[in-house]
Amino acid sequence: MSQSLRVLIATIDYPPPPGGIQTVTKNLESGLKKIGHKSTVLYLDGETNERSIRDLFPHPKRIYGVKSLSRRDYVYMNSLYNKTVEYIEKFNPHVVHAMHINNWSAMIAAADQDIPTVLSTHALELKNESLARTAVGDANLIHTPSEFTSVLIKDIQPNAESYIVPPPIDLDKYQSNPISEEISGQSGPVVSMARFVDRKNIETVIEAWETIDQSVKNGRSLIIVGDGPNRSKIESRVCNSTEIHLTGWISEEQKQQLLSEASGFVLVPRRDGYDVEGFGIVYIEAQASRTPIVGSKRGGVPEAVGNAGILVDDENDPQEVATAIETILTDETVRTKILEAAENRVNKFDLEEISDRHVHAYQQLL
């Protein structure tokens with residue numbers, strides 16, 4: 001095995017609550033350790049972080065060159081810089097991997113001590129073009145989860161050095177769930193899972209489900225997992241339904257079990273500029289659970305789904321989404337083709353495989 005590396009991962013989100021960055025961070029931390037490297041996570045929440053007096057002073061000065069930063073952001077950047085210095089002194093990392101452009105000052109702290117940096121980019125955060133351009137320019141290497149996001153980075157910083165590695169999952173956990181005797185992948189519910197924001201387009205999934213004939217549903221329900229700003233609107237939309245259920249967020253173990261029992265997984269995100277899916281790790285989790293998928297053609301979703309699902313042309317058309325759901329529920333030829341394709345592709349998303357690709361990128365910086 002090559003040299004054992006020490007990787008400091010700086011993040012704006014860490015479990016709980018659930019979400020894309022949280023999942024990617026946790027799985028990268030676990031995967032690095034699983035293949036013989038050391039990692040530690042520096043998580044600093046801008047809302048709840050306790051600030052010290054020294055965080056109020058402008059250090060490092062060039063943080064104040066980004067016009068988009070508010071006074072509160074300045075203090076957070078100072079606090080993150082100081083906290084990163086503390087972690088570097090204790091952990092002595094070979095590489096600092098920032099999981100978001102808001103972790104920019106962690107990269108500044110690393111650079112001040114001649115430690116190479118990697119910056120993960122996603123999509124939505126790039127809307128803050130001023131900070132994104134600065135953070136991308138200061139990183140030694142950019143990580144993107146998809147070719148789609150890589151193109152977005154080129155639009156912001158044409159000369160940026162980047163590598164593409166999709167999010168990892170712990171494959172064993174999704175493939176080892178026993179299916180209960182009462183529910184099988186043929187008779188289980190249809191599942192949608194997302195943060196309740198406009199981009200996720202949950203309302204179209206609900207409308208599509210309501211148009212499907214009862215003979216096709218065959219007693220199945222639509223289970224929607226998640227929470228977020230649009231929760232009240234979605235609750236009012238389904239409050240009188242006996243076949244659509246909102247669960248809120250559920251545990252990782254419950255998610256794994258639910259996906260393994262589901263007849264299908266449906267999530268058809270839309271795009272509004274940078275407000276778009278950069279990849280979509282939940283599609284891989286569903287594929288690993290042998291659950292047929294309906295997705296959209298926006299952002300990085302096609303790269304996540306690959307050839308192991310149905311992609312609708314118009315994610316805002318409930319009838320097209322309904323037809324796709326009906327197909328994965330009733331067409332055994334399509335189901336079989338999708339499940340075989342999923343089985344052939346999910347191994348490349350396992351923790352060890354993905355973490356090793358990150359390590360290869362880190363080593364190029366040393």
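The values are calculated or read from the model by the stated rules, or taken from the named source; none is laboratory data. Since this is a predicted model, take the numbers as computed values, not measurements. Note that each Cβ is placed from the backbone with ideal geometry, even for glycine, and that neighbours are counted across all protein chains shown. Keep in mind that these areas ignore ligands, DNA and RNA; they rest on the heavy atoms of the full protein, side chains included. Shrake-Rupley method; radii C 1.70, N 1.55, O 1.52, S 1.80 Å.
Which value in nm describes the separation of the simple spin-label points at Arg231 and Ser176, placed 7 Å from the Cα toward the beta carbon?
Computed distance between label sites Arg231 and Ser176 equals 3.2 nm.
Suppose every K and R has +1 on its Cβ and every D and E has -1 on its Cβ; what is the size of the dipole of the chain about the Cα centre, in Debye to the nearest 20? Each step should come with its number before you reach the end.
Details: 37 positive and 51 negative charges, 256 e Å.
With Lys and Arg at +1 and Asp and Glu at -1, about 1240 debye.
With N denoting the number of residues in the stretch 226-339, provide Rg(C-alpha) divided by 2.2 N^0.38 Å, to two decimal places. Display every interim value, and only then the final one.
Numbers: Rg = 14.3 Å, N = 114, 2.2 N^0.38 = 13.3 Å.
So the stretch 226-339 has a normalised radius of gyration of 1.08.
Rounded to the nearest 20 debye, what is the charge dipole size of the stretch 100-210 about its Cα centre when +1 sits on each Lys and Arg Cβ and -1 on each Asp and Glu Cβ?
On the way: 7 positive and 16 negative charges, 46 e Å.
So the dipole magnitude of the stretch 100-210 works out to roughly 220 debye.
Give me Rg over Rh for the stretch 84-149, both radii from the alpha carbons and Rh done the Kirkwood way, two decimal places.
Details: Rg = 11.9 Å, Rh = 12.0 Å.
Here Rg/Rh amounts to 0.99.
Have a look at the stretch 275-366 and give its Rg and Dmax from the Cα atoms, expressed in angstrom.
Rg then Dmax for the stretch 275-366, in Å: 15.4, 53.
For the chain, which DSSP H helices look membrane-span-like by this rule: Cα extent along the axis of 24 Å or more and mean Kyte-Doolittle of at least 1.6? Walk me through the numbers before you get to the answer.
Values: long enough: 71-91 (30 Å, -0.93).
Helix filter hits for the chain: none.
Roughly speaking, what is the stretch gain from Ser221 to Asp314, that is 0.36 nm per residue apart minus the C-alpha to C-alpha distance, in nm to one decimal? Can you show the working numbers first?
Numbers: separation 93, 0.36 × 93 = 33.48 nm, distance 2.36 nm.
Working it through step by step, the gained length comes to 31.1 nm.
Cα convex hull of the stretch 187-241: mean projected area in nm², to one decimal? Before the final figure, lay out each step's value.
Details: hull surface 14.9 nm².
So the Cα hull casts an average projection of 3.7 nm².
Find the all-direction average of the projected area of the Cα convex hull for the chain, expressing the result in square nanometres with one decimal place.
Numbers: hull surface 74.0 nm².
Across all orientations, the chain yields a mean hull projection of 18.5 nm².
Can you give the translational diffusion coefficient of the stretch 73-195 in µm²/s, computed by Stokes-Einstein from the Kirkwood radius over Cα pairs at 20 °C and 1.002 mPa s? Write out the running numbers ahead of the final one.
Details: Rh = 16.8 Å.
Once the numbers are plugged in, D ends up at 127 µm²/s.
Give me the 1.4 Å probe accessible area per residue for the stretch 216-322, excluding ligands and nucleic acids, in Å². Don't jump to the answer; show the numbers that get you there.
Numbers: 4000 Å² over 107 residues.
Each residue of the stretch 216-322 exposes 37 Å² on average to a 1.4 Å probe.
Projecting each Cα onto the charge dipole of the stretch 246-366 (Lys/Arg +1, Asp/Glu -1 at the beta carbon, about the Cα centre), which of Ser263, Val294, Pro318 comes out farthest on the positive side?
Val294
Which of Ile101, Thr121, Thr134 sits closest to the plus end of the dipole of the chain, meaning its Cα is farthest towards the positive end, when Lys and Arg get +1 and Asp and Glu get -1 on the C-beta?
Highest projection toward the positive end goes to Thr134.
Restricting to Cα pairs below 8 Å that are 6+ residues apart, what does the relative contact order work out to for the chain? Please round to a whole percent. Spell out each step's value before the answer.
Values: 697 pairs, mean separation 59.9, N = 366.
Once divided by the residue count of the chain, the mean separation gives 16 percent.
Once you keep just the Cα pairs under 8 angstrom separated by 6 or more residues, what percentage relative contact order results for the stretch 214-366? Kindly include the intermediate steps, with their values, before the conclusion.
Numbers: 185 pairs, mean separation 27.0, N = 153.
Reported as a whole number, the value is 18 percent.
Compute the signed sum of charges (Lys and Arg +1, Asp and Glu -1) over the other residues within less than 15 Å, Cβ to Cβ, of Leu28. Intermediate values should be presented prior to the final figure.
Values: positive: Arg6, Lys26, Lys33, Lys34, Lys38, Arg357; negative: Asp13, Glu29, Asp170, Asp350, Glu352, Glu353, Asp356.
Taking every Cβ under 15 Å from that of Leu28, the sum is -1.
Obtain the radius of gyration and the Kirkwood radius of the stretch 121-177 from its C-alpha atoms and give Rg over Rh. Numbers along the way, then the final one.
On the way: Rg = 14.1 Å, Rh = 12.4 Å.
Over the Cα atoms of the stretch 121-177, Rg/Rh equals 1.14.
In units of 2.2 N^0.38 Å, what is the alpha-carbon radius of gyration of the stretch 136-271? Please report the intermediate quantities before stating the final value.
On the way: Rg = 18.7 Å, N = 136, 2.2 N^0.38 = 14.2 Å.
Relative to the 2.2 N^0.38 Å estimate, the stretch 136-271 comes out at 1.31.
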